[in-house]
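The values are calculated or read from the model by the stated rules, or taken from the named source; none is laboratory data. Quantities reported herein were computed from a predicted structural model and do not represent experimental measurements. Virtual Cβ from ideal backbone geometry, glycine too; neighbours counted across all protein chains shown.
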Amino acid sequence: MAKLSVLGSINVDHLMQVGAAPRGGQTIQAKQYQIVAGGKGANQAVAAAKLGADVAMIACIGTDAIGEQMKQGLADIGIDTKGITTITGENTGVAMIYVEDSGENRIGIWPGANASLTETVMSEHKASIQDSDLLLLQLETPVETLVAAAKIAKAAGTRVVLNPAPAKALPEALLSNVDIITPNETEAEQLTGVAISELSDADMAANKLHTKFGIETVLITLGERGVWLSHKGEGKHIAGFVMQAIDTTAAGDTFNGGFVTGLLEGQSMLDSVRFGQAAAALSVTRMGAQSSIPTRVETLALLA
Ligand code: RIB
């Protein structure tokens, strides 16, 4: 079976369900509170594993008990956790999340041990990247490490997929080593300067990413409007599934995990996008990050 390496963050998500997030100076009481497993890297690894991929994770946790529990949780669903390093004296990454009645969320993160995923720590697991068919990256760990990992992958013929979330400016050294990029509208604007309201804007942003950095495939996620898929400058719109969202946390992560799983199985680009979209659509109907990710059986049922 084709192999996936995910290099990225592990967070403990503190989730509060509220009518609306508090304004400045306001204190509100939540309707519900939960601690759930999260972090963009771990969410994407879990999505891929639940949807059928063979996954290894490269990440860092702190010396706290919850970090160990989260690592065990990843191992329990079959993810290879040998690349997860425990950082002495650090806490595991944390995310504070308000989920509003509309399903929208507001998230603040403290990186903790994620900030210690240095090039040196990553290099100890470079064989995992070299042995993989695909490397999946996000932006909650140091960018210099992502650059080094993408270069290792490129040299080994491992395909590099970058989900550039959360939005930040990125060096050419990273973008020029990426094969497929999956920004949402905000992230695409951050990288290209093109504000996306129409599909023609998505096409323009995608073309900038093709021509400026040589990225072969650009996939801009447009929320409920679906996805703009542009391969070597040939763009097309792929409509999404319409669902009643209760929590959109990790919908993007679920999409990325599903999309790369489809690619690794040899599905076409279009079918891989649909597979990711179906999984993400189911995830927004449930609370939490990893707790909301559907199984392969559920995802195939929605697609059918
Ligand atoms: O993408 C959702 C994730 O973002 C949450 O799980 C939280 O940990 C933050 O990293």
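Overview of results
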| quantity | calculated |
| --- | --- |
| Candidate set: region 95-125, residues that are surrounded by 20 or more Cβ atoms within 10 Å (Cβ to Cβ) and hydrophobic (A, V, I, L, M, F, W, C); chosen: the one farthest from the ligand (Cβ to nearest atom) | 122 |
| Members of region 144-169 that are of a type in the set (S, T, N, Q) and more than 16 Å from the ligand (Cβ to nearest atom) | 145, 158 |
| Test: residue in region 15-34 that is free of Cβ contacts under 8 Å to residues at least 12 places away in the same chain, surrounded by fewer than 24 Cβ atoms within 10 Å (Cβ to Cβ) and part of a helix (DSSP H, G or I) | no |
| Residues (under 21 Å from residue 133 (Cβ atoms) and in contact with a Lys or Arg (Cβ under 7 Å, 6 or more places away or on another chain)) located in region 181-234 | 216, 229 |
| Strands (runs of 3 or more DSSP E) lying entirely in region 73-181 (those with 1 or more residues that are farther than 29 Å from residue 224 by Cβ and in contact with a strand residue (DSSP E or B) (Cβ under 6 Å, 6 or more places away or on another chain)) | 80-86, 93-99, 105-110, 134-137 |
| Spans of strands (runs of 3 or more DSSP E) in region 196-242 with at least 1 residues farther than 16 Å from residue 281 by Cα and hydroxyl-bearing (Ser, Thr, Tyr) | 217-221, 227-231 |
| So residue 89, is it more than 30 Å from residue 297 (Cα to Cα), surrounded by fewer than 17 Cβ atoms within 10 Å (Cβ to Cβ) and within 16 Å of the ligand (Cβ to nearest atom) | no |
| Of all residues making up region 98-144, the number that are modelled with pLDDT under 95 and not hydrophobic (A, V, I, L, M, F, W, C) | 7 |
| Within region 79-98, tally of residues that are within 23 Å of residue 249 (Cβ to Cβ) and small (Gly, Ala, Ser) | 2 |
| Residues of region 265-279 that turn out to be part of a loop (DSSP other than H, G, I, E, B) and either hydrophobic (A, V, I, L, M, F, W, C) or under 16 Å from residue 295 (Cβ atoms) (or both), as a count | 1 |
| Any hit, region 182-194, residues being assigned to a strand (DSSP E or B) and within 16 Å of the ligand (Cβ to nearest atom) | yes |
| Test for residue 240: is it modelled with pLDDT of 95 or more, surrounded by 19 or more Cβ atoms within 10 Å (Cβ to Cβ) and in contact with a helix residue (DSSP H, G or I) (Cβ under 9 Å, 6 or more places away or on another chain) | no |
| Top-ranked residue of region 1-14 - restricted to ones that are within 15 Å of the ligand (Cβ to nearest atom) and assigned to a strand (DSSP E or B), ranked as farthest from residue 136 (Cα to Cα) | 14 |
| Among (1) out of contact with any Pro (no Cβ under 8 Å at 6 or more places or on another chain); (2) buried (at least 19 other Cβ atoms within 10 Å of the Cβ) - the single one residue 65 does not satisfy | (2) |
| Residues being away from the ligand (no atom under 13 Å from the Cβ) and under 26 Å from residue 158 (Cα atoms) - total across region 23-60 | 12 |
| Some residue of region 50-65 being in contact with a Lys or Arg (Cβ under 7 Å, 6 or more places away or on another chain), at pLDDT 95 or above, closer than 27 Å to residue 281 by Cβ and in a loop (DSSP other than H, G, I, E, B) | yes |
